[in-house]
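Okay, so here's the structure we're looking at.
None of the figures in this text is laboratory data; all of them are computed from the coordinates on show. None of these values were measured; they are calculated from a predicted model.
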Amino acid sequence: MSSVRPKLKPETPKAVTGWATATGRSVWLRADGSWTEEAGLLGVFTGDEAEARLVAALKQEATVTDPYFMEVTADGKIAGRETLRESMRAEPTLSFGGAA
């Protein structure tokens, strides 16, 4: 299953992200093809390689749910029109008030 998200140009640096199927926690695809819960370790992909990485991620439902591209800078910093949402996903310790 996949949500509709803005299409990024092939040359735009991007990361593949989703949710760990077992825990529901945010995860990012690393350059070596493994998944991490640490956004600072995400892989940056462009062009055909990015497309191939997303296609492979979509076949890993036992590991990751709803993988998609998110825009990043060439050095892996969160960027683009969804920066706030993606920054919140990357920082699970953010508190928005209320009882814990």
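Obtain the radius of gyration and the Kirkwood radius of the range 14-89 from its C-alpha atoms and give Rg over Rh.
Numbers: Rg = 11.2 Å, Rh = 12.1 Å.
My calculation of the ratio gives 0.92.
Backbone amide hydrogens, once placed in the peptide plane, bring Val72 within less than 5 Å of Lys14, Ala15, Ala79, excluding anything fewer than 5 places away on its chain.
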